[in-house]
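Only one structure is covered here, and it is reproduced in the block below.
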Amino acid sequence: ASPVIVAGLSAGGNLAMSAMLAPLLVHHAPPSLAEELAAPGRHPAGQGARGAPAIGGAPSPSLAGNGDATEPFLMPDAILLLCPVLNLCRSPSPSRVVFASDVLLPQPMLKAFATAYDSDSDHWKVRDPLLSPVFAPDETLKQLPPVTLLCGGLDPLLDDSVDFNTRIRRMGVPGELHIYRSLPHTFVSFPHWHILPEVEAALATTVRHIRSVCMRGQPPLDDPSSRSDESVASDSEDNGFAHLGSTDHQTDSDPLEGLN
């Protein structure tokens, strides 16, 4: 089967990650969907939804209460998230406070979007991982494929990426977190910004990541987009680029502390 990458930008990042978590969290799904996912024979043993070898498996308790049933699910080869919304809780994080007056995503607009997203209910208080993936349980996060995150250093949602990166790296999920210090939310959405060194570096990282997955790590030679972030960064005297590898955010502190 061809390689599959699931990607999302901003709210699309929330949808992408929730879609990957949903089959692993059947008990959080609506009853009709839970019944479909937990139905015997939904996926033949050792196969995913498209008949390809399943990359991940998840406990899928049926509605009859069989908590030991295990159904393999087809996971993508990689997940790519750009400026993702991963925490819809109303409590302000440091980045939401510091960048509350962000031009692209000011605090009142962010609150309005969150209210529209969950129908202004109190459901966010229960820390539903399908609404706020940063709260997904450890055993679920362990089953994710490699995850790469890109976000701006001036993004009010910066903490979403940092907190989520902390959790999945501690669970052994490979990947990288790239922070572009002087860029705001969804900086890749504006074509006239693509000439900026940091945006160029972010785009190059995105293309290189997708190509490395789709081409099995063998990008074409002499292709400028296959250059590393460091080579792109060298085109600028100071582009403010920060690359955090898969182990840089491993910490003994609880990444969920203070989140509510």
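The values are calculated or read from the model by the stated rules, or taken from the named source; none is laboratory data. This structure is a prediction, so every number in the text was calculated from the model and none was measured. Glycine also receives a Cβ, built like all others from the backbone with ideal geometry; neighbour counts cover every protein chain displayed. With ligands, DNA and RNA removed, areas are computed over all heavy atoms of the protein, side chains included. Shrake-Rupley method; radii C 1.70, N 1.55, O 1.52, S 1.80 Å.
Structure summary
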item	result
Test result for VAL134, modelled with pLDDT under 95, of a type outside the set (Gly, Ala, Ser) and not in a loop (DSSP other than H, G, I, E, B)	yes
Extreme residue, least open to solvent (accessible area, probe 1.4 Å), among residues of the stretch 95-107 that are more than 18 Å from PHE135 (Cβ to Cβ) and part of a helix (DSSP H, G or I)	GLN107
Number of the condition not met by ASP160 [criteria: (1) modelled with pLDDT of 90 or more; (2) open to solvent by 30 Å² or more (accessible area, probe 1.4 Å); (3) among the acidic types (Asp, Glu)]	(2)
Candidate set: the stretch 66-85, residues that are open to solvent by 30 Å² or more (accessible area, probe 1.4 Å) and within 24 Å of ILE168 (Cβ to Cβ); chosen: the one modelled with the highest pLDDT	ASP77
The listed residue being part of a strand (DSSP E or B) and crowded, with 21+ Cβ neighbours inside 10 Å, out of LEU149, LEU110, LEU88	LEU149
Residue list for the stretch 179-219, filter: free of Cβ contacts under 8 Å to residues at least 60 places away in the same chain, over 21 Å from GLY12 (Cα atoms) and part of a loop (DSSP other than H, G, I, E, B)	SER182, ILE195, LEU196, MET215, GLY217, GLN218, PRO219
Counted residues, the stretch 113-131 - those being out of contact with any Asp or Glu (no Cβ under 6 Å at 6 or more places or on another chain), in contact (Cβ under 8 Å) with a residue 24 or more places away in the chain and assigned to a helix (DSSP H, G or I)	4
All positions within the stretch 194-222 that are surrounded by fewer than 15 Cβ atoms within 10 Å (Cβ to Cβ) and modelled with pLDDT of 90 or more	HIS194, ILE195
